[in-house]
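Written below as structure tokens is the structure these notes are about.
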């Protein structure tokens, strides 16, 4: 009796939490994945809009100023100016360059804060282009300033490994390790909490609308011109009632129950995969790429490092088995050639 | 560290609660604008309307007579960037969002104020020409000390600026007056989705003429022209510019 209650005593719970919080950085692979997905999200805005940049955020968007000025962003019209076409172009291109550096993870610790300030500056220039994805990216990226985003899949990681192999003295860390770990894990908690907040609040609001409960909301989403990338495909999808009902219900209930589903591993995997597919669908059908990529990146924060490694290993195994199969095929081809040669000789 | 994390979490929850919750406005005030959040994504009611902005303009011909253009489908032109394009430019959302924001401000007015807003904002000037009615005069007419009026007029002024540069770019000439209308269409309800008969009529709200007072800068016009050209609407707009009446 006593032994069961022991780990649940407040003091021991607190000790376990402190240990979890300061001993090591958690979910480092998810954070590196997040860095890549956020970079892609930014590029999915910046690159397709490149020809329209002045019309959207630059000198030709001057007409929104009366409202843009009133939003209270001190970053408004400072770094990304509207008064000069030349300087606007320079800062827009600089923003793209920063996003590319962020993508490959080069000097991430210095790139991230500059990127965030530039991103917020761009957003402040035109309030009529913002959607939930932009706001979510702005908020969570400010948490991520404290996380280590380039421990894996990055130039930083590669440079670190090279330095180690050359036995160069490692640089003295900025913070003592336990504080650095705590900062990283606080960013993790805030990121996880933020995505749960988004899902649960939006699901509660959805419960108040009849279209979500009767399972038809997805149909109406598909009828909006502003989102219709492939009107023909949209029309094909809404022909089928089961597709509309099931997608609407899954979207509503998985979002509402997301925090609960996280508690048990099988339901956690189900929830993350369901959200992954939902957002891929939103990206492809409604062309909301930035929004979807940011949501996916935050969903993946719930995938542990071991799972990433296992997934990676499985991928490598699959790859090598494909290679073996191919070699075997080659061998077979050579074999038949030998036979042919043999026949002509005979 | 942990305490700060918990405080940030509580503050974010507070911000998403309905307005009127104790402490919400305080937190929202501190957090605004960088951490403002609201997650009514497609909720509680999913959007069902396609809202589109259309603009037309008047200019003077060689005899000094006013010439009027056809309606130019601004939002529809912007949204041509979407169809068939898996990763479209943000252009698709600009007037779509701005028009909805304008519509909200318009709906916040009383019905008499709305009638006035749909009328002209142009008056005779003492020298026999025409001029824009001043902001002070408009506020006096629509109602003093009314936040909704000021909020509406600000947005009206913004759309006047937009419409002026759009018309200048589309017609490639100086315009004297602009006007816009909001065209709302709605697809059939789910249960009637296979029916050819339109369940909902197209709704059109026409606003009055506005004097084109915006400073028309050649760089701005060029950016608008490029957007129009990229969406393949240049020729049809120029054709509409030939005196239709």
Cα-based convex hull volume of region A:152-235 per residue, rounded to whole Å³: 182
Computed over chain B, the relative contact order (Cα-Cα under 8 Å, seq sep at least six) in percent reads 23
Among A:174, A:116, A:256: highest mean-square fluctuation, GNM of chain A, C-alpha pairs under 10 Å: A:174
Using the Cα gyration tensor of chain A, with a ≥ b ≥ c the square roots of its eigenvalues, what is the shape: rounded (a/c below 1.5), prolate (a/b larger than b/c) or oblate (neither)? rounded
Using the Cα atoms as the points, what is the convex hull volume per residue of region A:59-142 in Å³? 93
Just want the ordering: B:76, B:141, from fewest to most Cβ atoms lying within 10 Å of their own Cβ. B:141, B:76
From Cα pairs below 8 angstrom and at least 6 apart in sequence, can you work out the relative contact order of region A:164-251, rounded to a whole percent? 24
Summarise the partner chain shielding of A:188-197 as one whole number: the mean count of Cβ atoms from other chains within 10 Å of each residue's Cβ. 3
Starting from the exponent 0.38 and prefactor 2.2 Å, build the expected Rg for region B:126-245 from its residue count and divide its actual Cα Rg by it. 1.38
With the 8 Å Cα cutoff and a minimum separation of six or more residues, chain A has a relative contact order in percent of 24
Could you work out Rg/(2.2 N^0.38 Å) for region A:196-283, with Rg from alpha carbons only? 1.13
Per the helix-only calculation at 222 nm, which mean residue ellipticity applies to chain A, given -39500 (n - 2.57) for every DSSP H run of n ≥ 4 and division by its residues, nearest 500 deg cm²/dmol? -23500 deg cm²/dmol
Computed over region A:250-306, the Cα gyration tensor eigenvalues, each multiplied by 5 and square-rooted, give semi-axes in Å (largest first) of 20, 13, 8
Peptide B:180-187: average number of partner chain Cβ atoms within 10 Å per residue? 1
Computed over region A:93-150, Kirkwood Rh from alpha-carbon pairs, angstrom: 11.8
Cβ neighbours within 10 Å, averaged per peptide: list A:58-66, A:199-207, B:159-167, B:198-206 in order, most packed at the top. B:159-167, A:58-66, A:199-207, B:198-206
Rounded to a whole number of µm²/s, how large is the Stokes-Einstein D of region B:1-57 at 10 °C and 1.306 mPa s, given Rh as the Kirkwood radius over C-alpha pairs? 113
Take the Cα atoms of region B:111-185, build their convex hull, and give its volume per residue in Å³. 114
How big is chain B along each principal axis, measuring the range of its Cα positions in Å and listing the largest first? 75, 50, 39
Peptide A:57-69, shielding by other chains (average Cβ, 10 Å cutoff): 5
Cα extents of region A:1-84 per principal axis, largest first, Å, are 72, 29, 20
Here, the protein assembly as shown modelled as identical Cα point scatterers in vacuum has Debye log10 I(q)/I(0) at q = 0.09 Å⁻¹ of -0.83
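Quick note: the coordinates plus some simple rules give every number you see, no bench work behind them. Note that this is a predicted model, so its numbers are computed, not measured. As a convention, Cβ positions derive from the backbone with ideal geometry for all residues, glycine included, and neighbour counts pool all protein chains shown.
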